[in-house]
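Right, one structure below, let's go through it.
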């Protein structure tokens, strides 16, 4: 099973995610994510033996308890790209500094500590809390993406984060399908 740990956006923000994506509609080479599956990935585990599920869930329980994070408001807004404006592979909406970025980062660090202790490999870059809007398959629309990211600072909305989730990702021809495996209340 292909697993990741996330904070899921509520369904009511799907329209705001879609509206943010619309700003990039003329950019060729972009592949948009399904707004109804919008989430912030805290940790990507990859392919995992189903027999490891119990130890992963125990680690996530420890992470939530050890992070010292109570339910908090998360505000999604602004645009960014990975890895850089000159070479874009991902277009995203961020988490406002005053809108839960510190709590999200603290949760991600606790999750990473627990899961790397089990042998899972951490990302090789610093954590940036974000919601992926699109992936750029080629550079045809790069100039438009750069312009929108530089000039726009949308507010996609806020919600209360009350849990993190262990999710299974099934890759399909029409895009990934996500299913919640377990939830961990803050």
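At-a-glance table
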| read-out | value |
| --- | --- |
| Test: residue in segment 9-16 that is outside any helix (DSSP H, G or I), buried (at least 17 other Cβ atoms within 10 Å of the Cβ) and in contact with a strand residue (DSSP E or B) (Cβ under 9 Å, 6 or more places away or on another chain) | yes |
| Residue in segment 140-151 that is at pLDDT 95 or above and under 30 Å from residue 68 (Cα atoms) present | no |
| Some residue of segment 33-43 being closer than 30 Å to residue 144 by Cα and surrounded by fewer than 16 Cβ atoms within 10 Å (Cβ to Cβ) | yes |
| Residue in segment 64-71 that is under 17 Å from the mean Cα position of the chain (by Cα) and at pLDDT below 95 present | no |
| The lone exception for residue 44 - which of (1) within 23 Å of residue 111 (Cβ to Cβ); (2) touching a helix residue (DSSP H, G or I) at 6+ places or on another chain (Cβ under 7 Å) it fails | (2) |
| Per-region count, segment 110-130, residues surrounded by 17 or more Cβ atoms within 10 Å (Cβ to Cβ) and farther than 24 Å from residue 35 by Cβ | 6 |
| Hits in segment 144-173 (condition: in contact with a strand residue (DSSP E or B) (Cβ under 7 Å, 6 or more places away or on another chain) and assigned to a loop (DSSP other than H, G, I, E, B)) | 152, 153, 154, 162 |
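Table: residues versus (1) farther than 13 Å from residue 27 by Cα; (2) buried (at least 20 other Cβ atoms within 10 Å of the Cβ); (3) over 17 Å from the mean Cα position of the chain (by Cα).
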{"site": "103", "(1), (2), (3)": "yes, yes, no"}
{"site": "106", "(1), (2), (3)": "yes, no, no"}
{"site": "132", "(1), (2), (3)": "yes, no, no"}
{"site": "142", "(1), (2), (3)": "no, no, yes"}
{"site": "150", "(1), (2), (3)": "yes, no, yes"}
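The values are calculated or read from the model by the stated rules, or taken from the named source; none is laboratory data. What you see is a predicted model, and the numbers here were worked out from it, not measured in a lab. Ideal geometry is used to build each Cβ from the backbone, glycine not excepted, and the neighbour counts take in all protein chains shown.
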